[in-house]
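To start, the structure under review is shown below, and the notes come after it.
The values are calculated or read from the model by the stated rules, or taken from the named source; none is laboratory data. These figures come from a predicted structure and were not determined experimentally. Cβ: placed from backbone, ideal geometry, glycine included. Neighbour counts: every protein chain shown. Accessible surface is based on the protein model in full, side chains and every heavy atom, while ligands, DNA and RNA are left aside. Shrake-Rupley method; radii C 1.70, N 1.55, O 1.52, S 1.80 Å.
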Amino acid sequence: MADPSSYRPKPGQIPDSPGVYRFRDEHRRVIYVGKAKSLRQRLANYFQDVASLHPRTATMVTTAASVEWTVVSTEVEALQLEYSWIKEYDPRFNVKYRDDKSYPSLAVTMNEQYPRVQVMRGPKKKGVRYFGPYGHAWAIRETVDLMLRVFPVRTCSAGVFKRSAQIGRPCLLGYIGKCSAPCVGRVTPEEHRELAEDFCDFMAGRTGTYLSRLEQRMHEAAEEMEYEKAARLRDDIGALRRAMEKNAVVLADATDADLIAVAEDELEAAVQIFHVRGGRVRGQRGWVTDKVEAVDTAGLVEHALQQLYGEEKGEAVPKEVLVPALPEDTPALSQWLAERRGAQVSLRVPQRGDKKSLMETVHRNAQQSLALHKTKRASDLTTRSRALEEIAEALELDSAPLRIECFDISHLQGDDVVASMVVFEDGLARKSEYRRFQIKSFEGQDDVRSMHEVVSRRFRRYLQEKLKTGEWSPEEGEDPLAEDDGRPKRFAYPPQLVVVDGGQPQVAAAKRALEELGVDDVAVCGLAKRLEEVWLPGEDDPVVLHRTSEGLYLLQRVRDEAHRFAIQYQRSKRGKRLKSGPLDEVPGLGESRKQALLKHFGSVKKLRQATIDQICEVPGIGRKTAETLAAALAGAVPAGPAVNTATGEIIEDETPAHAGTSFERGTGQ
């Protein structure tokens, strides 16, 4: 690894002007390309103390052996040159979106004498009109099948077209009216091209005028008593309407826009694009990429725009591009897009209305795409095996950790402190083994102490199960089995690895808990979220797994699942606490009898004023329950009176009480 100071340019060498720079490694390969408004200021950021750089940036500058730059006159030129160099050099530290599949488009070959409608994949060709891309080829074929009834454009290959012309007989589509059969001269080349242009206009969203014209012709035919012609036109209109229905109407008819959304985590990002033309979603596509450079959402959007429109021109670039965050060089990007389109392009973040709602839909698609990508990656047996082997090697374990347990602490400003334990076996989540804990030994916020308690309780139960089966006997005077609620085998299986969400303090607490119980055959590590560092007990320096390591990816999944499970429990616990009322404190009083009491008396206040005999009148309430209830309500502190803030008037509590009454009136939250 190179020391960045060894190739740092002298301060006076770097110009203070827009430009594009390249970092090269020792073999002169370009490993990173970037652009800047001021090369001097941007490059100075890379030559700070390596310890203060983002881990990915630090990896890049220590891999590089030299840096060079090219000065340009404007930011737009810098953007264009950056895109060209990324495409040319394919640098390893630049974010590059790659499709997980080839998306089909509906293409009309307007560059041929007899234009053809077909499904096309791959790079776009000059002179061909494209619509889409679509998620599936069958979606295109269904749409085309409906539209050929009205626009009988050629769909056959060059070989079929040539043979039909030789034998003087059209193909089957020509006989059933779904092709105008230019191969045998039923229409002239000019007439067929006009059909193809009408087809393109309709697909581009200019539908209203054409449908109105067909409806007018249908009415004229009916008035002239040409009923067969009118019926045919009616069926044509129906076919076109069905074709239009296949693309949901989401925005105003004149809207031509692309909506781009991003879902990301520490290592990967998914981008989804919806193509809206004529107010309808005409196509969708998406990418998943590794975040090989330190980049935020705005940076991901900028890279997506470059890849999406770098090879496009004309109407392929829409009038409007909606994004979740504006890139740093928004004016330059807008100008670059306008140059590619040949007209003004609006680049903005939707703030309200239908466009914002549709953007939320696109974002959900991006989240699902990222989750599906992770699921596919995690489900691969070979990948999981490699991940476990990498963890074992990095942590110097005797064997692969086939069972991993991860613990996380969750609270809200010290209240409702809970913990979670999730289990992964053979690299897959074992949800039936998940467990939740309430912190019992103290109150307040202390993550380290909480971690010690939770790990102690989990392994105390493990030793308890071993004692039942005779696998283990405690030494004289030792009592690790303080807790026994009679539920067997919930913690009977020990993990090979315990992972805690946190750094050195949490790891030390977990290790201390194991040592106090005499458990010495379980490895412990911690995963610190900020820099994704793996900490081992007693070590001053973390274990750094490679960014693309499957082992690190598995540890992150385990940690994130523990975090999700803990937060879910903490929120539910907090919700129950906030909704609790005085009736919840009465032992043996279930939900049905609570509802019966409140229905009978109308409010907790009136129930508190009732006598024991009056309470016994409620169906299902016996005298003993009534006495317990009366005693509990007498000892409960009633909530403060509600006050009308406008008048200062005290509002009588006559409203029917429910489980949330005391919270809503007592705390004002």
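Which peptide among 499-505, 220-226, 153-159, 316-322 comes first, and what is the full order, when sorted by highest mean count of other Cβ atoms within 10 Å?
The densest-packed peptide leads the list: 499-505, 316-322, 153-159, 220-226.
With R₀ set to 51 Å, the beta-carbon distance separating residue 520 from residue 186 gives a calculated FRET efficiency near 0.05. Computed over the range 325-422, the convex hull of the alpha-carbon atoms projects to a mean area of 12.7 nm². Heavy-atom accessible area for residue 430, with the other protein chains in place and a 1.4 Å probe, reaches approximately 90 Å². In terms of packing, defined here as the mean over residues of other Cβ atoms within 10 angstrom, the peptides 20-30, 265-275 line up highest first as 265-275, 20-30.
In percent, rounded to a whole number, the relative contact order of the range 302-362 is 37, using alpha-carbon pairs under 8 Å and six or more apart. Distance between the pseudo-spin-label points of residue 89 and residue 440 (7 Å out from Cα toward the beta carbon): 6.2 nm. Legend: distances between Cα atoms for 35/313; 440/605; 124/178; 125/319; 355/529; pairs beyond 30 Å are 440/605; 355/529.
Can you tell me the FRET efficiency between residue 68 and residue 229 if r is taken as the Cβ-Cβ distance and R0 is 45 Å, rounded to the nearest 0.05?
Efficiency at R0 = 45 Å is approximately 0.05.
In this structure the amide hydrogen of residue 110, modeled in the peptide plane, comes within under 5 Å of the amide hydrogens of 129, none closer than 5 places in sequence on its chain. In plain terms, the chain from residue 403 to residue 44 could stretch by 124.6 nm, reckoned as 0.36 nm per residue minus the Cα-Cα distance. Each residue of the range 431-441 was assigned a 3J(HN,Hα) from its phi angle through the Karplus expression (A = 6.51, B = -1.76, C = 1.60, θ = phi - 60°), giving 5, 5, 9, 5, 9, 10, 10, 9, 6, 10, 7 Hz with x at Gly and Pro. Sorting 441-448, 32-39, 63-70 by their mean Cβ neighbour count within 10 Å, with the most densely packed peptide first, gives 32-39, 63-70, 441-448.
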